Amino acid sequence: MMKDNLRLLIVDDDPDDRELFMEAVREVDESIECFTAKNGLQALETLRDQSQQLPDLIFLDISMPLLNGRKCLTEIKADRRLQQIPVVVYTTSKDVEEARELKKMGAFHFMSKPRDADEIYYIVAVVLEEFRLAAGAKE
Amino acid sequence: MLIYIKNMVCLRCKMAVQSVLEGLRIEYTSIELGRVNLPTALLPEQQDKLAEGLQHYQLELMENKKQILTEQIKVTIMELFATPGQEMLLKLSEHLCNQFPYDYTYLSNIFSETEGTTIERFYITYRIERVKELMLYESLTIKEISYRLNFSSVAHLSHQFKKVTGQTPATFRKLCANEDFVWRTCE
C-alpha cells in the first residue's frame, strides 16, 4: 500500500530554482516533504546517509558544479540501494538526443526547465501523477 | 484527403464544421476533432471560403505541419477524457509517444513553440474543463468526479480546480445556477 506522505529530493545549484520547485510541489500537494541538495555530491552524501530515509522521487538538474546531474544519475543507478528511486532530470536544453540518452541512463522523466513558476506547477503536477500511477501499478 | 482544423474542442465545434461544409456544399467522409476527411482535394476558392466560414466560429484551417501536430496532440489528450476509465491509465508522456512516432521531448518542444504553453498545462486545464462538464451535465459529486478522472483525492481535485479557475468547485457550482453565467472557454 502506498504511503501517504511522499518525500521528494530537489537537486539544483540555483537557490531560486530550488525554491521555485519547492513552492510548486507544495502547491500541488502540501503533504509532500521536500528536501534539497545544492549539487550532485551533496545529493549523493544525503542519499548514502543510512540514517536518513530515502526519498520517493528525485528532481535533478543536469547542469551543476561539483558532480553534475548526468554523473549523479549514473551513480544513483549504479547503487543497489538507490537505483529504484525514480529520477526526473531537467535542463534548460531542449535537445531531443540528450533526452533520449538520459532516459536510456534510467531517468524516469526528462523535462526542459520551465520558463516560469506557473509552468513549473503544471509540470510537477503531471510528473507526480505519473509517479503515483507507476507506484500504484507496482503494488 | 485530410484537412486539419484548429480549436475544435467539443461536439458543438464538430457541428459548426459540419454546418460550414454543408453550407458550402463540400462533401466530406467524416468529421472528427481536429480534422475532416474529404473524398477529394479542395479547390483554392473552396479552401478560401471554408477558411472564412470556419473563422466565424473561431476555428482555423491549418497547413503548417507543426500546427497540425500540436492540434493532434491536443485532440489525443481530449480523447483521453472522452471515455470513462481511459484517463491516465498510462503516463501521459508514454501515451503520447505511443500515438506519435516522436520522442516526448520533441512533441513537448513543438507544442510549446506553437501554443506558447506546455503539454502538461493543457492536460491539466482540459481535465478541469471536464470536471466542470461532469458537475454541470451529469450532476456528479466531487467525490465521483475525482474517482472518474483519476485524481488522488477530493482535496487534490479541489486544490487543482482552484489553481486553474480561481474558484472552489462549490463556488463554481453556485455560480452556474445562474443561467447567465458563461462557464466555458471554447478555445
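Some observations on this one:
- Positive-end residue, the protein assembly as shown charge dipole about Cα centroid, Cβ charges, pick of A:Phe131, A:Ala24, B:Thr40: A:Phe131
- Normalising the average separation of contacting C-alpha pairs (under 8 angstrom, six or more residues apart) by the number of residues puts the relative contact order of region B:2-62 at 47 percent.
- Label point 7 Å beyond Cα of B:Ser153 along Cβ direction - residues of region A:33-61 with amide nitrogen under 14 Å: A:33
- Helix B:119-137 axis, angle to chain B major axis (alpha carbon atoms, nearest 10°): 70 degrees
- The C-alpha atoms of chain B define a longest principal axis, and helix B:104-115 lies at about 80 degrees to it.
- When region B:43-167 is described by a simple charge dipole with +1 on each Lys and Arg Cβ and -1 on each Asp and Glu Cβ, the residue from B:Val154, B:Thr165, B:Thr105 located farthest towards its positive end is B:Val154.
- Charge dipole of region B:122-176 (Cα centre as origin; +1 on each Lys and Arg Cβ, -1 on each Asp and Glu Cβ, all else neutral): 140 debye, rounded to the nearest 20.
- Helix-only CD estimate at 222 nm, as mean residue ellipticity for the protein assembly as shown, using -39500 (n - 2.57) per DSSP H run (n ≥ 4): -16500 deg cm²/dmol
- Ranking of A:Thr36, A:Thr74, A:Thr92 by neighbouring Cβ atoms within 10 Å, starting from the fewest: A:Thr92, A:Thr74, A:Thr36.
- Annotation: the residues B:Cys10, A:Cys34, A:Cys72, sorted from fewest to most other C-beta atoms within 10 Å of their own C-beta, follow the order B:Cys10, A:Cys34, A:Cys72.
- Of the DSSP H helices in chain A, those whose Cα atoms cover at least 18 Å axially and whose Kyte score averages 0.5 or more: A:117-138
- Residues of region B:92-117 with an amide N closer than 16 Å to a point placed 7 Å from the Cα of A:Thr92 along the Cα-to-Cβ direction: none.
- Short-range pairs are left out: with C-alpha atoms under 8 Å and at least six residues apart, the relative contact order of chain B is 18 percent.
- Here the spin labels are modelled as points 7 Å beyond Cα on the Cα-Cβ line, and at B:Lys49 and A:Gln52 they lie 7.0 nm apart.
- Considered as an equivalent ellipsoid built on the Cα gyration tensor, region B:122-176 has semi-axes of 14, 13, 11 Å, the largest given first.
- Taking a ≥ b ≥ c as the square roots of the eigenvalues of the Cα gyration tensor, an a/c ratio of 1.5 or more together with a/b no larger than b/c marks region A:1-90 as oblate.
- Neighbouring Cβ atoms from other chains, within 10 Å of the Cβ of residues in A:56-66, number 0 on average.
- Anisotropy class of region B:51-144 from Cα gyration tensor, a/c 1.5 cut: oblate
- Top positive-direction residue, dipole computed over the protein assembly as shown with Cβ charges, set B:Ile26, A:Gln50, A:Leu60: A:Gln50
- As a length-normalised measure over Cα pairs under 8 Å and 6 or more apart, the relative contact order of region B:65-118 settles at 45 percent.
- Taking amide H as placed 1.01 Å from N in the peptide plane, the amide H of B:Lys6 sits under 5 Å from that of B:Glu60, B:Leu61, B:Met62, each at least 5 places away or on another chain.
- Note on the protein assembly as shown: Kirkwood radius taken over Cα pairs, Stokes-Einstein applied at 10 °C and 1.306 mPa s, translational D equal to 73 µm² s⁻¹.
Values in this text are rule-based calculations from the coordinates and carry no lab data. Worth saying up front: this structure is predicted, and the values here are computed from it rather than measured. Using ideal geometry, Cβ is built from the backbone for each residue, glycine included, and neighbour counts are taken over all protein chains shown.
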